[in-house]
Amino acid sequence: MIYILEDEPGIRNLVTYTLERSGFESCGFGTVAEFFVGIRVRVPSLVLLDIMLPDGDGLEVLKKLRSSASTKKVPVMMLTAKDTEYDKVMGLEAGADDYMPKPFGMMEFIARIKNLMRRYDIEIQSENEFRIGKLYVSLPRHDVLVEDNPVVLTSKEFDVLVYLLRNQGLVLTRDQIMNNVWGMDFDGETRTVDVHIRSLRQKLGVCADIIETVRSVGYKIGSRPKT
Ligand code: CA
């Protein structure tokens with residue numbers, strides 16, 4: 001899971017979209033406050049940090065990450081608005097592992113992310129098997145089993161389920177689900193998501209309630225993965 005703290009929605013969405021399309025799970029945050037809520041839910045394997053934020057400073061966030069036992073070793077890449085020597089030096093001195101001056105091209109960005117992951121020996125393959133209670137999902141085989149009985153899902157239902165499973169513990173908005181499963185260009189309504197969740201729950205039978213509705217926000221699959 002890669003966390004991105006960036007207040008500019010255009011950049012944040014493009015980055016999360018590009019990461020997801022490259023096979024990395026990611027989650028974007030627009031404020032320091034939201035970011036630390038996310039950190040409490042799940043410790044990411046990599047963090048991308050903007051410097052100028054509406055409710056704080058990326059360098060302060062970095063110091064806080066470095067001073068906490070659970071996040072001390074998480075690699076951090078700074079996204080610097082100004083490609084100045086000063087920002088670069090400040091970031092690296094504060095313990096950043098890399099920095100990326102904005103604006104940047106997505107090809108170079110992904111190459112740098114992969115490089116950083118290799119350097120820290122982070123598993124690049126995302127998880128491809130899930131087991132929650134009586135539900136078992138295998139990505140490579142496209143298998144969904146409930147109490148060992150196969151369940152037939154449409155490809156979109158499968159994608160929605162996998163997206164929720166990959167982000168266990170996080171509440172995903174209908175927009176996030178739609179962008180991820182149907183793509184940014186999809187011109188549908190968020191109601192589409194509700195329709196798919198409803199049929200998913202029906203098909204999952206005794207496992208229906210692993211998908212929780214979070215009122216006026218979206219959906220989540222409750223339990224955090226045990227690491
Ligand atoms: Ca900013």
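Mean separation of Cα pairs under 8 Å and 6 or more residues apart, divided by the residue count, gives region 2-119 a relative contact order of 22 percent. Report, to the nearest 10°, how far helix 155-166 tilts away from the longest principal axis of the Cα atoms in the chain, using its own Cα long axis and a range of 0 to 90°. The angle comes out at about 50 degrees.
Ignoring chymotrypsin sites (Phe, Trp or Tyr not before Pro) that are buried or in helix or strand per DSSP, and keeping those with at most 16 other beta carbon atoms within 10 Å, what is the longest stretch of the chain between them?
Working: sites that count: 104, 120, 186.
After excluding every exposed loop site, the longest remaining stretch is 1-103.
Sequence-distant contacts, meaning Cα pairs under 8 Å at least 6 residues apart, place the relative contact order of the chain at 14 percent.
Mind listing which trypsin sites (Lys or Arg not before Pro) in region 101-172 are in a DSSP loop and have 13 or fewer other Cβ atoms within 10 Å?
On the way: sites: 112, 114, 118, 119, 131, 134, 141, 156, 166; in loops: 134, 141.
Answer in residue order: 141.
Among the listed pairs 73/114; 156/220; 134/220; 63/220; 102/220; 64/156, a Cα-Cα separation exceeding 28 Å is found for 63/220; 102/220; 64/156. Over region 129-221, Cα pairs under 8 Å with separation of 6+ residues give a relative contact order of 29 percent.
Rule-based calculations on the coordinates, nothing more; no lab input. All of these numbers come straight from a predicted model, not from anything done at the bench. Because the Cβ atoms are built from the backbone with ideal geometry, glycine has one as well, and the counts that use them run over all protein chains shown.
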